[in-house]
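Structure, as structure tokens:
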Amino acid sequence: MGEIKSALELAMERSKKYPISEEEKEKIRQKEILQKASGLFYRYREGHLSLHEIEREIGRLEDKAREGVKEALLSQWLKSLSLEGDPERILKGIELIRKRDFSEVTARFKDLLSEYGKAVDVASQRKRAELAEALKDAGIEGDAVEPNLNGNEEWKRMLDSTRHSFEGRLEGIRDALKAS
């Protein structure tokens, strides 16, 4: 009795007739490099991989792939650097890839985060007072009344505006970290 072949096996047999061009091979290599870098990025970000393990994984790659993974990782780390969250892991990853100390840039970034946090706190207190006053005018008041900022569209716009006002400086820090 004959062997039953899957659609993939049949397609692979047929594709042997068609050689893959160098351009297509390069696209496949680039895709593999991006997948490898993305895997390392997400595993590290979630705390499932240490910097030492990333360094070991990168060291196992061939030279061309190694450089591609490093650049892709650097790019992803720089994109993920934001005004929210804890940037320590990202900054340490960038230092690993660049093989240099960025303590001055890191200090600037921490100052920026502090300024941003204060600006958000001031805007939050002001908006809470505004909403509490509006509730009081509507006859709703008391110790248990707490205005919900997250459900307020004007607050979301204010927060976006505040974040946007700090984006230029954040981009400057990303550029300093990108520079070798």
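Holding the Cα-Cα limit at 24 Å, pick out from LYS64/LYS178; LYS25/LYS178; LYS118/LYS156; LYS31/LYS64; LYS110/LYS178; LYS136/LYS156 the pairs that are longer than that. Walk me through the numbers on the way to the answer.
Values: LYS64/LYS178 20 Å; LYS25/LYS178 29 Å; LYS118/LYS156 17 Å; LYS31/LYS64 13 Å; LYS110/LYS178 17 Å; LYS136/LYS156 22 Å.
Exceeds cut-off: LYS25/LYS178.
Give, as a single signed number, the net charge of other residues whose beta carbon lies under 15 Å from the beta carbon of ASP86, with Lys and Arg counted +1 and Asp and Glu -1. Mind showing how you got there, number by number?
On the way: positive: ARG45, ARG89, LYS92, LYS110; negative: GLU46, GLU84, GLU88.
Every neighbour counted, the sum reads +1.
Which parts of the range 27-53 would a label at SER75 reach, counting a residue when its backbone N lies under 18 Å from a point 7 Å out along Cα-to-Cβ?
Residues passing the 18 Å test: 27-43.
List the GluC sites (Glu not before Pro) within the range 29-63 that DSSP assigns to loop and that have no more than 13 neighbouring Cβ atoms inside 10 Å. Working shown, then result.
Working: sites: GLU32, GLU46, GLU53, GLU55, GLU57, GLU62; in loops: GLU46, GLU62.
Taking the range 29-63 and a limit of 13 other Cβ atoms within 10 Å, the loop GluC sites (Glu not before Pro) found are GLU46, GLU62.
Considering only GLU71, GLU104, GLU13, give the residue with the highest GNM mean-square fluctuation for the chain, with springs between Cα atoms whenever their separation is below 10 Å.
GLU13
Once R0 is set to 45 Å, what does the formula 1/(1 + (r/R0)^6) return for the Cβ-Cβ distance between GLU146 and LEU51, expressed as a FRET efficiency to the nearest 0.05? Write out the running numbers ahead of the final one.
Numbers: r = 42 Å, r/R0 = 0.92.
For R0 = 45 Å, the calculated efficiency reads 0.60.
Using a/c under 1.5 as the rounded threshold, could you call the range 1-80 rounded, prolate or oblate? The axes a ≥ b ≥ c are square roots of the C-alpha gyration tensor eigenvalues, and prolate needs a/b larger than b/c, oblate otherwise. Show your work: numbers first, answer last.
Values: a/c = 3.01, a/b = 2.03, b/c = 1.48.
Prolate.
Which residue, LEU113, LEU96, LEU159, tops the fluctuation ranking in a GNM of the chain built on C-alpha contacts under 10 Å?
Of LEU113, LEU96, LEU159, the most mobile in the Gaussian network model is LEU159.
Quick note: the coordinates plus some simple rules give every number you see, no bench work behind them. Predicted, not measured: the structure shown is a model, and the values here were computed from it. Backbone-built Cβ (ideal geometry, glycine too); neighbour counts: all protein chains shown.
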